[in-house]
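S.K.: Would you mind keeping the following structure in view while I ask a few things?
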Amino acid sequence: MIIFFIAITLLILGYKFYSPFVEKQAGIDPTAITPQERFNEGVDYVAISPAKAFLIQFLNIAGVGPIFGPILGALYGPVALVWIVLGNILGGAVHDYYSGVLSIKEDGKSLPEIAGHYLNIYFKILMLIFTAMLLFFVGVVFIMSPAGLLSNLSYFEGTFLAGNTFWVLVILAYYFLATLLPIDK
């Protein structure tokens, strides 16, 4: 239980002291007009409420963490919680924050487009290939992990819902809709 409180304390300290440092390094101008305000076309560049923005970011960051977190804890013991928290504070949160800052400062462009703009077309192609591979692997994990978990639930036993294939198709349908619908839907 003490490690849990250490992890909570680290998260609070990171939020209180480290995040203002990271924000200062990014050179954020709170008065700057965002790409959403400049290019509002009702599909990708739309205003959303802070609650929806929080939910989108929370779901992006959480992902399958609630599934793999306990697995890591079982494999490596309670100290895994501290490593997960430190990795989030020093790595994951900073990466996500700077990715967003770069995109905002570059009119909402993706990271491969930004790399191509500042480096060259070959590096842009390399980044596109790397991004496509990474998205494929992340997509497989984000499809197969929940599908496997849902198909193994005991109250689905003996029904068509017990099959992994059914849940993979449901999750793929959700991803398809999430890709086609505007972000605020």
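The values are calculated or read from the model by the stated rules, or taken from the named source; none is laboratory data. Since this is a predicted model, take the numbers as computed values, not measurements. Quick reminder, even Gly has a Cβ in these numbers, built from the backbone with ideal geometry, and neighbours come from all protein chains shown. Accessible surface areas use protein heavy atoms only, side chains included; no ligands, DNA or RNA. Shrake-Rupley method; radii C 1.70, N 1.55, O 1.52, S 1.80 Å.
S.K.: Tell me which residues, restricted to segment 71-120, are over 21 Å from Val22 (Cβ atoms), of a type in the set (A, V, I, L, M) and touching a residue at least 24 places away in the same chain (Cβ under 8 Å).
M.R.: If the condition is that a residue be over 21 Å from Val22 (Cβ atoms), of a type in the set (A, V, I, L, M) and touching a residue at least 24 places away in the same chain (Cβ under 8 Å), then Val79, Leu81 are the ones that fit.
S.K.: Moving on. Would you be able to tell me the number of residues in segment 15-31 that are closer than 12 Å to Val101 by Cα and surrounded by 10 or more Cβ atoms within 10 Å (Cβ to Cβ)?
M.R.: The qualifying residues number 5.
S.K.: Next question. Filter segment 145-172 for residues that are open to solvent by 90 Å² or more (accessible area, probe 1.4 Å), at pLDDT 80 or above and within 24 Å of the chain's Cα centre (by Cα) and give the result. Give the derivation first.
M.R.: The initial filter retains those residues of segment 145-172 that are open to solvent by 90 Å² or more (accessible area, probe 1.4 Å), namely 149, 152, 155, 157, 160, 165, 169.
Imposing the further condition that a residue be at pLDDT 80 or above reduces the set to 165, 169.
Hit for segment 145-172 is Leu169, nothing else.
S.K.: Evaluate segment 130-140: report whether one residue or more is surrounded by 13 or more Cβ atoms within 10 Å (Cβ to Cβ), assigned to a helix (DSSP H, G or I) and modelled with pLDDT of 85 or more.
M.R.: Going residue by residue through segment 130-140, those that are surrounded by 13 or more Cβ atoms within 10 Å (Cβ to Cβ) are 130-131, 139.
Checking which are assigned to a helix (DSSP H, G or I) leaves us with 130-131, 139.
Now restrict to residues that are modelled with pLDDT of 85 or more: 130-131.
Yes: segment 130-140 contains one or more residues that are surrounded by 13 or more Cβ atoms within 10 Å (Cβ to Cβ), assigned to a helix (DSSP H, G or I) and modelled with pLDDT of 85 or more.
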